[in-house]
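To start, the structure under review is shown below, and the notes come after it.
The values are calculated or read from the model by the stated rules, or taken from the named source; none is laboratory data. Everything numeric here is computed off the predicted structure, so don't read it as measured data. Here Cβ is always computed from backbone atoms with ideal geometry, including for glycine, and neighbour counts include all displayed protein chains.
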Amino acid sequence: MLRQATDLITMPVKPAVRAAAYRVLAEQPGVRGLGRVTDPLGRAGVGIAFPGTDGTPLGSVEQRVVVDPSTGELLCEQLVLVEPSARAREAGLDAGTTVNYTATTRMGWGERQITVPENARR
């Protein structure tokens, strides 16, 4: 249920659907609010953290999203290091380091087919 609700907030859905997804997320064990945060592009929003994942080469990580509090729309998804492995520490990665993120600058449905660049087809 956590994955499905998270997927819904990353899509251009109606506000009522997004609100329902947030209600489902709020009831999931381990989900917690982070309050006001800033995404990697410098935009202010509200952060939500999801239960962590152990066993990655970097150590324990958790998924976080940053949402626009006025619209509920997704600003960014982040993978944040919670407990670095020895290898990650040797590379200078501390707890709290964002190791991957996807920022959303525009969301919507369109009629146009996306053109995949030739070099991406390998």
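Restricted to region 1-33, and to residues that are within 14 Å of residue 75 (Cα to Cα) and in contact with a Gly (Cβ under 7 Å, 6 or more places away or on another chain), which residue is surrounded by the fewest Cβ atoms within 10 Å (Cβ to Cβ)? Outline the logic, then answer.
Initially, region 1-33 is screened for residues within 14 Å of residue 75 (Cα to Cα), giving 6-12, 18.
If we keep only those that are in contact with a Gly (Cβ under 7 Å, 6 or more places away or on another chain) as well, we get 12, 18.
Values: 12: 13, 18: 21.
Filtering region 1-33 for residues that are within 14 Å of residue 75 (Cα to Cα) and in contact with a Gly (Cβ under 7 Å, 6 or more places away or on another chain), the one surrounded by the fewest Cβ atoms within 10 Å (Cβ to Cβ) comes out as 12.
Just a yes or no: is a residue in region 85-92 surrounded by 12 or more Cβ atoms within 10 Å (Cβ to Cβ) and not hydroxyl-bearing (Ser, Thr, Tyr)?
Taking region 85-92 as the starting set, the residues that turn out to be surrounded by 12 or more Cβ atoms within 10 Å (Cβ to Cβ) are 85, 88-89.
Right, trim to not hydroxyl-bearing (Ser, Thr, Tyr) and you get 88-89.
Checked against the condition, which is being surrounded by 12 or more Cβ atoms within 10 Å (Cβ to Cβ) and not hydroxyl-bearing (Ser, Thr, Tyr), region 85-92 yields at least one hit.
Taking only region 75-91 into account, find how many residues are closer than 12 Å to residue 101 by Cα and of a type outside the set (A, V, I, L, M).
Looking only at that region, the number is 3.
Counting just the residues of region 46-92 that are of a type in the set (D, E, K, R) and closer than 21 Å to residue 21 by Cβ, which one comes out modelled with the lowest pLDDT?
The initial filter retains those residues of region 46-92 that are of a type in the set (D, E, K, R), namely 54, 62, 64, 68, 73, 77, 83, 87, 89-90.
Within this subset, residues satisfying the condition of being closer than 21 Å to residue 21 by Cβ are 62, 64, 68, 73, 77.
Details: 62: 92, 64: 92, 68: 93, 73: 87, 77: 92.
Filtering first and then ranking leaves 73.
Give region 34-46 a look and list any residue that's buried (at least 17 other Cβ atoms within 10 Å of the Cβ) and under 16 Å from residue 100 (Cβ atoms), or say none.
39
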